[in-house]
Amino acid sequence: MKLAVFSTKKYDIAHLQPVFEDAGHKAVFLQTRLEDETVPLAEGYPVICIFVNDNLTAYGIEYLASSGLKLVLLRCAGYNNVDLVAAEKFGVQVARVPAYSPHAVAEFAIGLMLMLNRNLHKSFSRVRAGNFSLEGLTGFDMFKKRVGIIGTGKIGLLTGKICHGFGSEVVCYDPYQNPEAAKEHGMSYVSLEELYSTCDVISLHCPLLESTFHMINEDSLSRMKDGVMLINTSRGGLIDTVALIKALKNRKIGQVGMDVYENESGMYFEDASDDVMQDDTFSRLLTFHNVCITGHQAFLTKEALSNIAAETLTNLENYLNGVDSRNIVKKQD
Ligand code: NAD
């Protein structure tokens with residue numbers, strides 16, 4: 001099978017090429033991001049493989065379906081970047097990789113938590129500059145802190161479990177509860193209201209849907225504890241960044257760790273160090289001493305890349321063999 005793979009970096013090609021080649025598929029690797037403007041590059045390909053910041057709109061789906069597109073392979077868990085209504089309308093199947101390494105993302109969320117909690121980002125720079133002062137580096141124990149996990153899927157459960165290991169009191173919220181799994185991972189369900197108003201640390205692990213877009217906004221921020229730490233390794237659109245900046249300025253928020261940003265598309269995954277930053281909201285975020293931003297890196301472990309390649313191939317072969325799979329994505333809300 002011939003497929004066009006978008007937004008590829010060296011590390012993608014290193015993992016995907018041997019897997020596709022060994023199975024007899026011809027993958028063409030493109031560095032370009034898939035957007036309406038670049039859709040013609042995929043003309044004539046029955047299968048395309050895309051990543052988190054590719055954008056497959058209704059226009060793109062209609063355009064490509066008319067030239068034979070049948071399958072979209074998402075090499076990620078999230079699927080907010082594909083117009084699923086259009087995909088269904090034009091008979092294009094969409095398959096994702098729901099769990100390539102939940103450990104990679106959960107461990108990264110904890111990394112952000114500990115970096116902020118103990119000011120490691122500041123001490124790293126200080127020591128390199130020969131400044132061994134500890135002034136301003138006072139942190140807090142995770143032990144006995146109340147941690148709130150929003151979204152108790154694969155990543156949320158593991159993040160909660162690690163926090164439980166610290167001796168934190170872990171509570172969680174999910175509209176679709178799994179009390180047994182939550183208990184096994186050392187946490188218990190509470191209402192979203194209780195989670196917001198009582199937690200010292202809140203970590204987001206739910207998908208970006210119409211219903212979760214900007215769930216962290218002026219109103220929800222105002223209901224949180226003063227000095228709360230907010231961690232987002234899920235999707236940038238969960239947070240209204242302008243409201244977040246306001247809450248940082250008035251010290252409502254104690255610390256923010258974010259691996260994702262609502263306007264990251266077109267910015268993340270590229271070296272723009274020679275360019276002038278055009279996004280003033282992002283620039284403002286970078287000025288806060290208590291905000292740590294990483295560039296959508298949480299997934300990036302050797303184990304995750306191997307699993308993504310293997311599962312993406314399985315999705316392709318399942319499609320070719322007419323096998324129904326839980327990885328096929330359908331419109332939810
Ligand atoms: P998952 O599908 O296993 O779990 C998501 C959970 O969120 C589900 O239990 C679902 O019921 C719950 N949910 C749905 N709507 C909700 C709401 N309104 N409030 C609270 N919970 C809600 O997904 P996962 O594998 O745990 O991944 C979670 C998210 O992490 C993904 O959606 C993806 O956006 C993100 N992610 C980020 C990276 C990264 O590199 N930063 C990597 C992988 C995944």
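The values are calculated or read from the model by the stated rules, or taken from the named source; none is laboratory data. Because the structure is predicted, anything quoted here is derived from the model rather than measured. Please note: Cβ atoms are built from the backbone with ideal geometry, for glycine as well, and neighbour counts cover all protein chains shown. Protein only, heavy atoms only, side chains kept; ligands, DNA and RNA dropped before computing areas. Shrake-Rupley method; radii C 1.70, N 1.55, O 1.52, S 1.80 Å.
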GLY266 meets each of (1) at pLDDT 95 or above; (2) out of contact with any Cys (no Cβ under 9 Å at 6 or more places or on another chain); (3) among the small types (Gly, Ala, Ser) with one exception, condition (1)
Over segment 241-256, the set of residues outside any helix (DSSP H, G or I) and either open to solvent by less than 10 Å² (accessible area, probe 1.4 Å) or within 11 Å of the ligand (Cβ to nearest atom) (or both) is ILE253, VAL256
Quick count over segment 285-299, residues being in contact with a helix residue (DSSP H, G or I) (Cβ under 9 Å, 6 or more places away or on another chain) and either open to solvent by 30 Å² or more (accessible area, probe 1.4 Å) or away from the ligand (no atom under 16 Å from the Cβ) (or both), is 7
The residue that is nearest to the ligand (Cβ to nearest atom), considering only those in segment 163-181 that are of a type in the set (A, V, I, L, M) and in contact with a strand residue (DSSP E or B) (Cβ under 8 Å, 6 or more places away or on another chain), is VAL171
Picked from segment 283-313 (must be in contact (Cβ under 8 Å) with a residue 12 or more places away in the chain, part of a helix (DSSP H, G or I) and in contact with a strand residue (DSSP E or B) (Cβ under 8 Å, 6 or more places away or on another chain)), the residue nearest to GLN17 (Cα to Cα) is THR312
Within segment 313-328, the residues that are crowded, with 17+ Cβ neighbours inside 10 Å and touching a helix residue (DSSP H, G or I) at 6+ places or on another chain (Cβ under 7 Å) are LEU313, ASN327
Taking the conditions exactly as written (farther than 22 Å from MET115 by Cα and free of Cβ contacts under 8 Å to residues at least 24 places away in the same chain), does GLU194 satisfy them or not?
yes
Of the residues in segment 1-34, those that are of a type in the set (Gly, Ala, Ser) and part of a helix (DSSP H, G or I) number 1
Just one listed residue, out of GLY186, GLY148, GLY160, is in contact with a His (Cβ under 8 Å, 6 or more places away or on another chain) and within 13 Å of the ligand (Cβ to nearest atom), and it is GLY160
Of the residues in segment 189-202 that are within 13 Å of the ligand (Cβ to nearest atom) and over 15 Å from MET215 (Cβ atoms), the one that is least open to solvent (accessible area, probe 1.4 Å) is VAL190
When restricted to LEU238, LEU230, LEU221, the only residue away from the ligand (no atom under 14 Å from the Cβ) and under 19 Å from the mean Cα position of the chain (by Cα) is LEU230
Counting only helices (runs of 4 or more DSSP H) entirely within segment 35-146, those with at least 3 residues that are at positive phi, of a type in the set (S, T, N, Q) and surrounded by fewer than 18 Cβ atoms within 10 Å (Cβ to Cβ) are none
GLY153 fails exactly one of (1) open to solvent by 10 Å² or more (accessible area, probe 1.4 Å); (2) farther than 25 Å from HIS185 by Cα, namely (2)
